[in-house]
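Colleague: Here it is, the structure in full.
The values are calculated or read from the model by the stated rules, or taken from the named source; none is laboratory data. Quantities reported herein were computed from a predicted structural model and do not represent experimental measurements. Every residue, glycine among them, receives a Cβ derived from its backbone with ideal geometry; neighbour counts consider all protein chains shown. Calculation scope for accessible area: heavy atoms of the full protein, side chains included, ligands and nucleic acids excluded. Shrake-Rupley method; radii C 1.70, N 1.55, O 1.52, S 1.80 Å.
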Amino acid sequence: MIRQALFAIALATSAAPPALAQAPDAQVTGTESRFEARGDHIVALINGELEAQDVLSERFLAQVPAEQFAQISQQLTSQFGAAVGVESIEPVNATSVTVTLRFERALASGPLTLEAEAPYKVDGLLLRDIVPINDDAQSITADIEALSGVKAAWFGPLDGDPVFTYGDATRQFPLGSTFKLYVLAAASRAVGDGRLAWDDVLILDAKSFPSGIMQSWPDGAPVTLHTAATLMISISDNTATDLVMRAVGHEAVEAEMRMSGHANPEKSFPFLTTRQMFVLKASEQGEAYASADQARRRAILASLDSEEVNEKRVLEVFSSGRPVLIEDIEWYASMQDERRLMRVLAELPGETAREIMAVTTSLTDAEEAEWSYVGYKGGSEPGVLNLSWLLRDDAGQWHMLAVSHMDPTSEVDTSTLMMIAKRILALAE
C-alpha cells in the first residue's frame with residue numbers, strides 16, 4: 001500500500017501556470033522543444049486545462065486512467081498550492097529527460113519519457129523527489145485539520161520538545177502493521193538475552209493472509225529468525241510476523257509493550273497475531289470479542305477456529321473499504337507511547353533490529369540524505385493509517401516522526417497522509 005502511495009505522489013507532482021495551457025498540436029518538433037512543450041502540457045493537464053488523452057499515451061493511460069490522474073493531481077495541488085511551471089529540464093537521452101516542476105510550495109523532480117514517434121505523447125512520468133518550499137507549520141496543520149476522522153502527529157527529538165505536533169498526544173490510535181515494531185523489539189531482546197539467535201531456523205507451520213509473500217511458500221519451509229523479521233518489517237509480511245511471534249512468545253511481546261512504558265497496554269491485550277485479527281473481524285465472533293473483558297477475550301481466542309474463515313472471506317471483508325471494529329480490535333498506541341517505543345529501539349545494544357527497520361524507509365534518497373539513520377514502519381487497514389519513522393541526525397540525536405489517522409466510518413487515504421508526513425519532515429531543514 002505504501003509503494004502505491006509513493007507512486008501516486010510521484011505521478012501527481014507536476015503542475016503549471018494558466019499561461020502555459022495551450023492545446024497540444026503537431027508543432028512539437030525538435031527534441032528540446034518536444035520536452036518543453038510536453039512539460040507545459042503536463043502542467044496544464046494537472047491544472048485541469050487539457051484532456052488526458054491529448055497529452056498521455058495509451059500505454060500510460062492503461063496504467064493510470066484519466067480519472068486517477070485527475071484525483072492525484074487534486075491531492076497535490078490541494079497540499080502544495082497552484083502549479084507555477086516547469087523549473088528545469090535536463091536531457092537523459094532522445095526520449096527521456098529529468099524534469100523539475102514548481103508548485104507554490106514544492107519542487108518535484110523525476111524522469112519524463114515521451115513516445116519515440118509523433119505525436120510524442122507522454123509515455124512515462126515518475127516524479128520521485130518532492131521538496132517542500134515556502135511551507136510552514138500553520139499550512140500543514142490546516143491540511144491535517146481538513147482530513148476526516150481523528151488525527152495526531154508528532155515530530156521532534158525523542159528527548160526534547162517537538163518541532164511539530166498535532167492532536168492529542170495521549171490518545172490511543174490503532175496502529176495497523178506498525179504494531180510489528182513491538183514484535184521486533186521483543187525479538188531483539190530475546191536475542192540479547194540468549195533465548196533466541198538471529199540465525200535460528202524457524203519452520204513455517206502456519207500461515208496468515210496478505211500482505212506478504214510467505215503465505216504462498218511451501219508448508220514446512222525453513223526460515224531464519226532474521227529473514228522472517230526482515231520480511232515482517234520491510235514488506236509487512238503477516239505470515240512472517242506470526243512466525244516471529246510464535247518464536248518469541250505472546251507473553252514476551254506483551255511484556256515488551258509494558259516495559260516500553262506504554263500508558264494503556266491492556267487495550268491491546270490479548271496481543272493478537274495477524275491471523276487472529278483477520279479471523280475475528282471476518283467471523284461472527286468479532287462483536288462478542290470487541291465487547292468482552294480480557295479474560296473472556298483470551299477464552300474466545302483459545303476456542304477460536306482459525307481455519308473456519310477462508311482467504312476469500314477475509315479478502316472480501318478487508319477490501320470492501322468498510323472499517324471493521326477498528327476502535328475495539330487492533331493494536332494501539334498514542335504518540336507518546338510511540339515515542340517510548342522508538343526510544344527502546346534506538347537504545348537496543350545490537351544494530352540488527354535497526355538495520356531491519358532501514359530496509360524500506362518510504363523516503364527518497366534525497367530525504368534520507370538529511371539523516372545519518374532512517375528506519376520506518378507503517379500500517380493500515382480500512383479506516384486506519386499510521387506512518388512512523390525513527391531518525392538520527394548527524395549529531396547523533398534520535399528523532400521520531402509519526403502520524404496517525406483514524407476514521408471509523410470510511411477509508412483513509414495513504415498518499416495524502418504520506419505527503420503531509422514529508423512536509424512535516426521538511427520543517428527540520
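Colleague: At 0.36 nm per residue, minus the direct Cα-Cα distance, what do Gln138 and Ala369 gain on full extension? Give it in nm, one decimal, please. Please list the in-between numbers first.
Modeller: Values: separation 231, 0.36 × 231 = 83.16 nm, distance 2.58 nm.
Answer, rounded to one decimal: 80.6 nm.
Colleague: Normalise the Cα radius of gyration of the stretch 254-376 by 2.2 N^0.38 Å (N = residues in it) and let me know the number.
Modeller: Details: Rg = 17.8 Å, N = 123, 2.2 N^0.38 = 13.7 Å.
Taking the Cα Rg and dividing by 2.2 N^0.38 Å, one obtains 1.30.
Colleague: Can you bin every Cα-Cα distance in the stretch 338-429 into 5 Å intervals starting at zero and give me the percent of pairs per bin, rounded to whole numbers?
Modeller: Distribution as computed: 3, 13, 23, 25, 18, 11, 5, 2, 0 percent.
Colleague: For the chain, with only Lys/Arg (+1) and Asp/Glu (-1) charged at the beta-carbon, what is the dipole magnitude about the Cα centre, in debye rounded to 20?
Modeller: Working: 33 positive and 61 negative charges, 173 e Å.
Magnitude of the dipole: close to 820 debye.
Colleague: Size of the dipole of the stretch 198-325 about the Cα centre, Lys and Arg at +1 and Asp and Glu at -1 on the beta carbon, nothing else charged, in debye to 20?
Modeller: 380
Colleague: Next question, about the same structure. P(r) for the stretch 140-180, please, calculated from all Cα pair distances in 5 Å bins and given in %.
Modeller: Taking every Cα pair in the stretch 140-180, the percentages come to 5, 19, 23, 26, 20, 7, 0.
Colleague: Can you tell me which lysines have their Cα less than 20 Å from the Cα of Lys377? Leave out same-chain residues fewer than eight positions away.
Modeller: Excluding near neighbours in sequence, the set is Lys151, Lys180, Lys422.
Colleague: Express in nm, to one decimal, how much length is gained between Ser291 and Asp305 on full extension, taking 0.36 nm for each residue of separation and deducting their alpha carbon distance.
Modeller: Stretched fully, the Ser291-Asp305 segment lengthens by 3.1 nm.
Colleague: Determine ³J(HN,Hα), in whole Hz, for all residues of the stretch 110-123 in sequence, where each value follows from phi through the Karplus function 6.51 cos²θ - 1.76 cosθ + 1.60 and θ = phi - 60°; x replaces Gly and Pro.
Modeller: After applying 6.51 cos²θ - 1.76 cosθ + 1.60, I find x, x, 10, 10, 10, 4, 6, 10, 4, x, 6, 6, 5, 9 Hz.
Colleague: For the stretch 97-248, with every protein chain kept in place, what is the accessible area per residue (1.4 Å probe, Å²)?
Modeller: 39
Colleague: Hey, how much of the P(r) for the stretch 87-172 falls beyond 14 Å, as a percent of Cα pairs?
Modeller: Counting every Cα pair in the stretch 87-172, those more than 14 Å apart make up 74 percent.
Colleague: Still on this structure: Subtract the Cα-Cα distance of Ser319 and Met259 from 0.36 nm times their separation in residues, and report this length gain in nm to one decimal. Write down the numbers at each step before the final one.
Modeller: Working: separation 60, 0.36 × 60 = 21.60 nm, distance 3.50 nm.
Length gained, Ser319 through Met259: 18.1 nm.
Colleague: Translational diffusion coefficient, Stokes-Einstein: compute it for the chain using the Kirkwood radius over C-alpha pairs as Rh, at 20 °C and 1.002 mPa s, and state it as an integer in µm² s⁻¹.
Modeller: Translational diffusion coefficient: 93 µm²/s.
Colleague: Per DSSP H run of at least 4 residues, take -39500 (n - 2.57); add these up for the chain, divide by its residues and hand me the 222 nm value, nearest 500 deg cm²/dmol.
Modeller: Only helices count here, giving -11500 deg cm²/dmol.
Colleague: Report in % the part of the accessible area of the stretch 279-429 that belongs to carbon and sulfur, leaving out ligands and nucleic acids; probe 1.4 Å.
Modeller: 44
Colleague: For Glu355 paired with Ser78, estimate the spin-label separation in nm (one decimal), with each label point 7 Å from Cα along the Cα-to-Cβ line.
Modeller: In this crude spin-label approximation the distance works out to 4.2 nm.
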